[in-house]
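**Q** I am attaching a structure below and will ask some questions about it afterwards.
The values are calculated or read from the model by the stated rules, or taken from the named source; none is laboratory data. Quick caveat, the model's predicted, so the values are computed rather than measured. Please note: Cβ atoms are built from the backbone with ideal geometry, for glycine as well, and neighbour counts cover all protein chains shown. When the accessible area is computed, the model is the full protein with side chains, heavy atoms only, and any ligands, DNA or RNA have been set aside. Shrake-Rupley method; radii C 1.70, N 1.55, O 1.52, S 1.80 Å.
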Amino acid sequence: MSTKEWPLWEVFIRSKQGLSHKHVGSLRAADSEMAIENARDVYTRRLEGVSIWVVESKLIAASDPKDSDAFFEPAEDKIYRHPTFYDVPDGISHM
Amino acid sequence: MEKLSIDELEKRFQAKIDADIKIEPNDWMPEAYRKTLIRQISQHAHSEIVGMLPEGNWITRAPSLKRKAVLLAKVQDEAGHGLYLYSAAETLGMDREQSIDDLHSGKAKYSSIFNYPTLTWADMGSIGWLVDGAAIMNQVPLCRCSYGPYARAMVRVCKEESFHQRQGFEIISTLANGTPEQKAMAQESLNRWWWPALMMFGPSDKDSTHSEQSMKWKIKRVSNDDLRQQFVDVTVPQAEMIGLTVPDKDLKWNEERGHYDFGVINWDEFNQVVQGNGPCNFERIEARKKAKENGMWVREAALAFAEKRKNKIDIKIKEI
Ligand SMILES: [Fe+2]
Ligand SMILES: [Fe+2]
């Protein structure tokens, strides 16, 4: 049997106006138009979305999970970036 | 990056699992974990796809337009489930086309429940009520599975399954409350599906080969026998409520255990069906093979069309 496959697409769906698109899964399709139509049938059969993005999986660049500790380390010791780092004296409000 | 030994990597992997941290596609994982998941997820996907056939058999003969629309939507959901699962398995490096060919060659398995025929309309009721009911029991714990893409696919699937079970129960209870002939049809259907539904949970824990490691990896979260017991406990009162009799003379409530005791499953039959000798094994695989072969020209044509269009765009870009 032939194994000529359609490319793989990642699917992102905006569930309602005001929210960002969120990754929901992937599917195979010959081109972007078909990917969007298939995504509608596979991922929004119950009105789960108002907008669909598709992108060919091979075009996504990602950080490497092997290096993620070192990669995200610079933010680790900067607790002063959080408001809870600061003491607010008693009696001060609206802050 | 420090170079870690396999032992150390495995230790860290297990520690993550123990701490309920999900494993994602590009994370390091033991080869055996990957293989087990690929086998389990692709079997699950095949089951969803083959599972469309017994019900597809009744779409054109549904007793009303409403029933037809509902059944069509239900079967379409199963196609969706298959697709969520194939794409989850692909994140582990599974080759989708190879895996489908493995199904067609008999190398890959699928749930043996779908090798039973659907002889009457009541079977649409029994399947939704019992087969989807058992599937829900199996799948709810998998929403907490350690592998992220599988767990997320299961969350979507479980949301959709409860509609499947309810529409089936509505069909069977309508028949059970109908004319004597309709009630007899419902009972006859329950008689045929009850035991195969219990077999859906797989071999008894003491005979199950993969269970222990899968529990440790949190790929499996509840044992086969516990799930089966849970299914019996919730389903028997439902049958009673609609006036049907579960076909098991050993079935009785055990006050002490707080569970139903039930009869011995015919594992011989189970093994026969798994090995390919069920009533419909041949027919199911033939139907899947034909679907792929007869649909191949569409796939090739769509690809050729996409290719042609891309070339046209490339030429236009060059002209600019
Ligand atoms: Fe399903
Ligand atoms: Fe279902």
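**Q** Looking only at segment B:91-113, count how many residues are in a helix (DSSP H, G or I) and touching a Lys or Arg at 6+ places or on another chain (Cβ under 6 Å).
**A** Summing the residues that are in a helix (DSSP H, G or I) and touching a Lys or Arg at 6+ places or on another chain (Cβ under 6 Å) in segment B:91-113 gives 1.
**Q** May I pose another question? Consider segment B:147-162. How many of its residues are within 16 Å of ligand 2 (Cβ to nearest atom) and within 9 Å of chain A (Cβ to nearest Cβ)?
**A** 4
**Q** When the residues of segment B:31-46 are narrowed to those that are more than 14 Å from the chain's Cα centre (by Cα) and of a type in the set (A, V, I, L, M, F, W, C), which ends up most open to solvent (accessible area, probe 1.4 Å)?
**A** Selected residue: B:ALA32.
**Q** B:SER64 versus (1) surrounded by fewer than 17 Cβ atoms within 10 Å (Cβ to Cβ); (2) more than 22 Å from B:SER214 (Cβ to Cβ); (3) within 14 Å of chain A (Cβ to nearest Cβ): which is the lone unmet condition?
**A** So the condition that B:SER64 fails would be (3).
**Q** Only one of B:ILE38, B:ILE23 is within 13 Å of another protein chain (Cβ to nearest Cβ) and either within 16 Å of ligand 1 (Cβ to nearest atom) or not aromatic (Phe, Trp, Tyr) (or both); which? Steps first, please.
**A** Details: B:ILE38 fails: within 13 Å of another protein chain (Cβ to nearest Cβ).
Testing whether each residue is within 13 Å of another protein chain (Cβ to nearest Cβ) and either within 16 Å of ligand 1 (Cβ to nearest atom) or not aromatic (Phe, Trp, Tyr) (or both) leaves just B:ILE23.
**Q** Being more than 22 Å from B:ALA306 (Cα to Cα), facing another protein chain (nearest Cβ under 10 Å) and either buried (at least 16 other Cβ atoms within 10 Å of the Cβ) or in contact with a helix residue (DSSP H, G or I) (Cβ under 9 Å, 6 or more places away or on another chain) (or both) narrows it down to one of A:ARG28, A:ARG46, so name that one.
**A** A:ARG46 is the lone residue from the list that is more than 22 Å from B:ALA306 (Cα to Cα), facing another protein chain (nearest Cβ under 10 Å) and either buried (at least 16 other Cβ atoms within 10 Å of the Cβ) or in contact with a helix residue (DSSP H, G or I) (Cβ under 9 Å, 6 or more places away or on another chain) (or both).
**Q** Of B:LYS109, B:LYS66, which residue is under 12 Å from the mean Cα position of the chain (by Cα) and basic (Lys, Arg)?
**A** Of B:LYS109, B:LYS66, the one residue that is under 12 Å from the mean Cα position of the chain (by Cα) and basic (Lys, Arg) is B:LYS109.
**Q** Among the listed residues B:ILE136, B:ILE171, which satisfies the condition of being touching a Ser or Thr at 6+ places or on another chain (Cβ under 8 Å), within 15 Å of ligand 2 (Cβ to nearest atom) and in a helix (DSSP H, G or I)?
**A** B:ILE136
**Q** For B:LYS249, all conditions in the list (1) closer than 30 Å to B:ASN177 by Cβ; (2) basic (Lys, Arg); (3) within 14 Å of another protein chain (Cβ to nearest Cβ) hold save one; what is the number of the exception?
**A** (3)
**Q** Which one of these is surrounded by 13 or more Cβ atoms within 10 Å (Cβ to Cβ), within 12 Å of another protein chain (Cβ to nearest Cβ) and under 26 Å from B:TYR110 (Cα atoms): B:ALA306, B:ALA291, B:ALA287?
**A** Being surrounded by 13 or more Cβ atoms within 10 Å (Cβ to Cβ), within 12 Å of another protein chain (Cβ to nearest Cβ) and under 26 Å from B:TYR110 (Cα atoms) holds for just one of B:ALA306, B:ALA291, B:ALA287, which is B:ALA291.
**Q** Filter segment B:139-168 down to the residues that are over 17 Å from the mean Cα position of the chain (by Cα) and not in a helix (DSSP H, G or I), then identify the one that is farthest from ligand 1 (Cβ to nearest atom).
**A** Out of the qualifying residues, it is B:SER146.
**Q** Criterion first (modelled with pLDDT under 95, out of contact with any strand residue (DSSP E or B) (no Cβ under 6 Å at 6 or more places or on another chain) and of a type outside the set (S, T, N, Q)) does B:LYS206 satisfy it?
**A** Against the criterion (modelled with pLDDT under 95, out of contact with any strand residue (DSSP E or B) (no Cβ under 6 Å at 6 or more places or on another chain) and of a type outside the set (S, T, N, Q)), B:LYS206 qualifies.
**Q** Please specify each residue of segment B:79-115 satisfying the condition of being in contact (Cβ under 8 Å) with a residue 60 or more places away in the chain, more than 23 Å from B:MET29 (Cα to Cα) and within 16 Å of ligand 2 (Cβ to nearest atom).
**A** B:GLY80, B:HIS81, B:TYR110, B:SER111, B:ILE113, B:PHE114, listed by residue number.
**Q** Which residues, counting only those in segment A:49-93, are open to solvent by 60 Å² or more (accessible area, probe 1.4 Å), in a loop (DSSP other than H, G, I, E, B) and touching a residue at least 24 places away in the same chain (Cβ under 8 Å)?
**A** Selection gives A:VAL50, A:ILE60.
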